[in-house]
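Below is one structure, written out as structure tokens; the observations come after it.
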Protein chains: 4
Amino acid sequence: MPKLGMEPLRRKALVDAALSAIGDQGTLTVTMSDIARRAGVSPALAHHYFGSKDELLIATIRSLLADLRRDTIHALNAAASPRARVSALIRVSFHAGQFAPETVAAWLAFYSQAQSSEAMRHLLVLYARRLHSNLVVNLAALCPPDLARGIAEGAAALIDGLYLRRALAAAPLSRERSIALTEAYVDAALARARIEMPAEGRHA
Amino acid sequence: MPKLGMEPLRRKALVDAALSAIGDQGTLTVTMSDIARRAGVSPALAHHYFGSKDELLIATIRSLLADLRRDTIHALNAAASPRARVSALIRVSFHAGQFAPETVAAWLAFYSQAQSSEAMRHLLVLYARRLHSNLVVNLAALCPPDLARGIAEGAAALIDGLYLRRALAAAPLSRERSIALTEAYVDAALARARIEMPAEGRHA
Amino acid sequence: MPKLGMEPLRRKALVDAALSAIGDQGTLTVTMSDIARRAGVSPALAHHYFGSKDELLIATIRSLLADLRRDTIHALNAAASPRARVSALIRVSFHAGQFAPETVAAWLAFYSQAQSSEAMRHLLVLYARRLHSNLVVNLAALCPPDLARGIAEGAAALIDGLYLRRALAAAPLSRERSIALTEAYVDAALARARIEMPAEGRHA
Amino acid sequence: MPKLGMEPLRRKALVDAALSAIGDQGTLTVTMSDIARRAGVSPALAHHYFGSKDELLIATIRSLLADLRRDTIHALNAAASPRARVSALIRVSFHAGQFAPETVAAWLAFYSQAQSSEAMRHLLVLYARRLHSNLVVNLAALCPPDLARGIAEGAAALIDGLYLRRALAAAPLSRERSIALTEAYVDAALARARIEMPAEGRHA
DNA sequence: CATGAATGAGTTTTCATTCAT
DNA sequence: TATGAATGAAAACTCATTCAT
């Protein structure tokens, strides 16, 4: 029952199917057949639209990152102050959709794959840079630039680490607790900055 | 030319070969043939000693964890105070051998595999619990138990996150910087605790 | 935007596309998609007009042979004597269009396919018979019939062999040299006939 | 029932199976499964020993050429004079084994493949050069060098052409007739040389 | 007339695993 | 103890072909 204009629908269905398959099995070694089955199409169609498994995988992480970016932009726009924007970045990182066990498992699989796929690594690095830069820009309004960079690095690492622990599903740190932990980290670091250099006043 | 008493040597050679193969390729999909070749034996022998690829993989992560455990015990024994022991735990986590790119890549691959292998997950959970408990015990001497747990969770997550970023090899946080960042996290958290509850005095 | 009277145009475009695809890749394993793309239509249309890949291939060699036949008739009509007609046959065989590397590659592919396709073999046999008979008829005016047959066989084989060597593109025998070689063959054979049987006089 | 030292046996069996499969079907598109089945092994074993289909195919033509070379050397050694060596080269070319329909079909398939495989082309060019050079060396003892080259080119092309016609299996030129035709070509060409330049005397 | 959508059947290739020696 | 020999099972990928529109 062929219909016109199916391509974008199929592409999306396949990318979603890939994400869910990877999330379920926690590995990129999921088969094209498995993904296709989840999307309700033949494996041949998946190849038809994406050319190869690798490209489907790339499209999949790209989609994950695009979601994250969209949410980030939205959250930043809704925040009124630098500190609020830092909180927004943290909250978005632990956004329900991103923090679901399957999504976390998929992230992990992509990170692992990045060891051997330059394209994959590139995408993940872009994401890391974007988060870092967003954090630094807003933290710089609250403390000296050097410190802002340090806090940004720490916060980003903390976020990633909390994801990783989530993947283990052993110490089931909740979304809220993860956010609280990260906020506390930022607060403590900023507080310390204020104590150690009380004379420096406000930062633009 | 079979020799007597080769078993432990072969097992070690195969585990080391597996670790280096996984580290190089960043994935557990390395082949038994590849591992066997690195160990200088036939794939059949790898099966002879380990029964299956899965079991060789389990033995490999077990070896990684055993190393870490040995180093940890040693470092803890050499530290004189609770705070020094916390530092020792941090330092061991970023120990040169563990923090080498190949080892980090291997860790990541194991975490990823843990999604679908109960045995793998179990081992990683054990390691996570051990680190957590070591941290809590020593932090509890410096702050209230609840806070100690929070700091321990944060520090452990931070360590894992710094590993993960190391795996990306994009923001090449050095070993020293990673240690400093984690120490700063602990210091800031403890300092905050002291400010917020100055009257509480010493903790056992 | 379907148009009326497109059928002959499409058929020709597809046959030409098939020939060029086969010539470029030197094999009949070119895909229908490739051929259709070159013709600027969808693979489905190629099927619509030809029913199957096999039939398109048959139509393609048929077209090649039709061209050759047309050229042959034309060249024979323009020649004034039996010997000139033999030369005409030789020249036509090495006609620029036929002797282009891509066309030679296509010929070779068809010959190869003839091993397993009766239809293909039939067409090539027809061509071979026609050339043979044309040669014999004209050579018989210059020598005894038996010898004429022998020379025709030799000349035809020589032509095919020169094609084959052209396909290799290693000893790049030019069109002119190929013609000269074949002419020399005929001359030598005829000369020999005259020496060995000088008394026989003219042949009809 | 594994035995030691099977490798050379399997390699030979696979190469022979490939040759017969290609000969039967007249195409290199025979499947590895088909070849393996003929050799009595699994497709996986064929890959194990040859790495890929392409390499098995290369090994196959290599074997064909090696046979031819061996026969050639043998025949040349058994011939007492330059003219006898030319005859030997002709006879070897039409040697029973090489001239069997399946072998001829295989040759044709390889020539066809040479259009797109540099390795294949290289091997066929080597063979062509060797035959040419063998012919020239011996013909040069019977006529001027320039003419020797011309005759060699013609004879080689004639041989190839007779093969090609054999592949068609339409004008079933026998082995003997093919040899006779080629010998006649050489004789006629040499005779002509003697008539046209009677003063030149013997050639070294 | 023309095509985008879709797939079944098949092909190469890989790899963990087994087993006789 | 050790391995060369061998394979079943599965995976990615290809392609001629069909069909509703």
(1) more than 12 Å from DNA strand F (Cβ to nearest atom); (2) at pLDDT 95 or above all hold for C:LEU57 apart from (1)
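Determine, yes or no, whether C:LEU76 is within 30 Å of C:PRO145 (Cα to Cα) and within 14 Å of the chain's Cα centre (by Cα). Explain how you work it out, then say what you get.
Working: within 30 Å of C:PRO145 (Cα to Cα): yes; within 14 Å of the chain's Cα centre (by Cα): no.
When the stated conditions are applied, C:LEU76 does not pass them.
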Picked from the stretch B:130-159 (must be surrounded by fewer than 17 Cβ atoms within 10 Å (Cβ to Cβ) and not in a helix (DSSP H, G or I)), the residue farthest from the other protein chains (Cβ to nearest Cβ) is B:ALA141
Result of the Cβ filter at 8 Å on the stretch D:142-161, keeping first residues that are within 16 Å of C:LEU168 (Cα to Cα) and partners that are modelled with pLDDT under 95 and part of a loop (DSSP other than H, G, I, E, B), at least 6 apart or interchain, is D:GLU153/C:ALA171; D:GLU153/C:LEU173; D:ALA157/C:LEU173; D:ILE159/D:PHE94
Checklist entry - Does C:SER116 count as within 16 Å of DNA strand F (Cβ to nearest atom) and more than 14 Å from chain D (Cβ to nearest Cβ)? => result no
Going through the stretch B:1-42 in order, the residues found to be touching a residue at least 12 places away in the same chain (Cβ under 8 Å), near DNA strand E (Cβ under 10 Å from one of its atoms), over 17 Å from B:GLN113 (Cα atoms) and away from chain A (no Cβ under 14 Å) are B:ILE35, B:ALA36
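Tally up the residues in the stretch B:1-47 that are of a type in the set (Lys, Arg) and within 11 Å of DNA strand F (Cβ to nearest atom), please. Reasoning before the result, please.
First pass over the stretch B:1-47, keeping only residues of a type in the set (Lys, Arg): B:3, B:10-12, B:37-38.
Filter again for within 11 Å of DNA strand F (Cβ to nearest atom), leaving B:3, B:10-11, B:37.
Matching residues across the stretch B:1-47 total 4.
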Counted residues in the stretch D:43-61 being of a type in the set (A, V, I, L, M, F, W, C) and in contact (Cβ under 8 Å) with a residue 40 or more places away in the chain come to 5
(1) within 14 Å of chain B (Cβ to nearest Cβ); (2) at pLDDT 95 or above; (3) part of a loop (DSSP other than H, G, I, E, B) all hold for A:ILE90 apart from (3)
When you scan the stretch A:53-67, do you find a residue that is within 14 Å of chain B (Cβ to nearest Cβ), under 19 Å from the mean Cα position of the chain (by Cα) and within 16 Å of DNA strand E (Cβ to nearest atom), even just one?
no
By residue number, the members of the stretch C:160-177 that are part of a helix (DSSP H, G or I) and within 7 Å of another protein chain (Cβ to nearest Cβ) are C:ASP160, C:GLY161, C:LEU162, C:LEU164, C:ARG165, C:ALA167, C:LEU168
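The values are calculated or read from the model by the stated rules, or taken from the named source; none is laboratory data. Everything numeric in this text was worked out from a predicted model, so none of it was measured. For neighbour counting, all protein chains shown are included, and Cβ atoms are generated from backbone atoms with ideal geometry for every residue, glycine included.
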